[in-house]
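The values are calculated or read from the model by the stated rules, or taken from the named source; none is laboratory data. Computed from a predicted model, the values in this text were never measured in an experiment. Cβ coordinates were reconstructed from backbone atoms using ideal geometry, including for glycine residues, and neighbour counts include every protein chain displayed.
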Amino acid sequence: MTPGAAAGRYARALFDVLVKEGKEVEKVQADLQQFADLFAQGQLAQVLGNPAIPVSKKKALAVALVERAGQIPAPLGKLIVVLAEKDRLTLLPGIARAYGDRVMDHLKIVRGEVITAVPLSPDTLRRLEQGLAAATGRTVTLAARVDPSIIGGVVTRLGSTVYDGSVTTQLQKMKQSLIEAGQ
């Protein structure tokens, strides 16, 4: 199984247990991200990724860190210990990403990107988010980016869907139509 697939399975299992227990999935997301950041840092990441260090020592380290963390939900603490027992703590950043995606889906939030030739005002960006929210039935959060090469118009990405209303694309379509008509 690939690391990404394994991370997705662990994230799904954690999410399902937390929902079943009625825990706050957003709070756990923050806790999980803190652990992922901690375990991915410098020397700690080198220790966890080193096959020469016995799994028992990695587990002891994970248990100590979970205990020192204080008030974290039991399922999260158990997941970290299980990952240590299986020598898979290096999956934590991937698990955190996959878990975050599950939380966003659970909350019916979709992140997207809007690309324009000139910067958008905050009010225009907010109106665009509202229009997309009405169209998708989900809360939309957009990150704005400027790309002068699109000449004008807007390119919006929501997940794997791209809405391309750029002038560049329109010109390319017109060019292709003229080429096809001339043949």
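Note on region 128-183: residues that are of a type in the set (G, A, S), under 15 Å from V118 (Cβ atoms) and loosely packed, with under 12 Cβ neighbours inside 10 Å total 1.
Residue under question is I80, and the condition is that it be touching a residue at least 12 places away in the same chain (Cβ under 8 Å) and among the β-branched types (V, I, T); does it hold?
yes
Does L171 satisfy the criteria of being in contact with a strand residue (DSSP E or B) (Cβ under 7 Å, 6 or more places away or on another chain), hydrophobic (A, V, I, L, M, F, W, C) and not in a strand (DSSP E or B)? No. Taking (1) under 27 Å from R111 (Cα atoms); (2) not in a helix (DSSP H, G or I) in turn, D16 satisfies each apart from (2). For the residues R157, R88, R138, the requirement of being out of contact with any Ser or Thr (no Cβ under 6 Å at 6 or more places or on another chain), under 30 Å from V55 (Cα atoms) and not small (G, A, S) singles out R88. Please verify whether I95 is hydrophobic (A, V, I, L, M, F, W, C), within 23 Å of the chain's Cα centre (by Cα) and assigned by TED's automatic domain parsing to the domain that holds V28, treating the condition exactly as stated. Yes.
Yes/no matrix, rows are residues, columns are (1) assigned to a helix (DSSP H, G or I); (2) surrounded by 16 or more Cβ atoms within 10 Å (Cβ to Cβ); (3) touching a Pro at 6+ places or on another chain (Cβ under 7 Å):
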residue: A52; (1), (2), (3): no, no, no
residue: K58; (1), (2), (3): yes, yes, no
residue: E67; (1), (2), (3): yes, no, no
residue: L83; (1), (2), (3): yes, yes, no
residue: I95; (1), (2), (3): yes, yes, no
residue: R102; (1), (2), (3): yes, yes, no
residue: R111; (1), (2), (3): no, no, no
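The selection criterion, being assigned to a helix (DSSP H, G or I) and crowded, with 17+ Cβ neighbours inside 10 Å, holds for L79.
Residue pairs whose Cβ atoms lie under 6 Å apart, separated by 6 or more positions or on different chains, with the first residue in region 51-71 and touching a residue at least 24 places away in the same chain (Cβ under 8 Å) and the second surrounded by fewer than 17 Cβ atoms within 10 Å (Cβ to Cβ) and part of a loop (DSSP other than H, G, I, E, B), are V55/D87. Taken over region 18-29, the criterion of being among the hydrophobic types (A, V, I, L, M, F, W, C) and surrounded by fewer than 14 Cβ atoms within 10 Å (Cβ to Cβ) is satisfied by V19 alone.
Is one or more of the residues making up region 137-148 over 17 Å from the mean Cα position of the chain (by Cα) and within 30 Å of K20 (Cα to Cα)? Yes - at least one qualifying residue is present in region 137-148.
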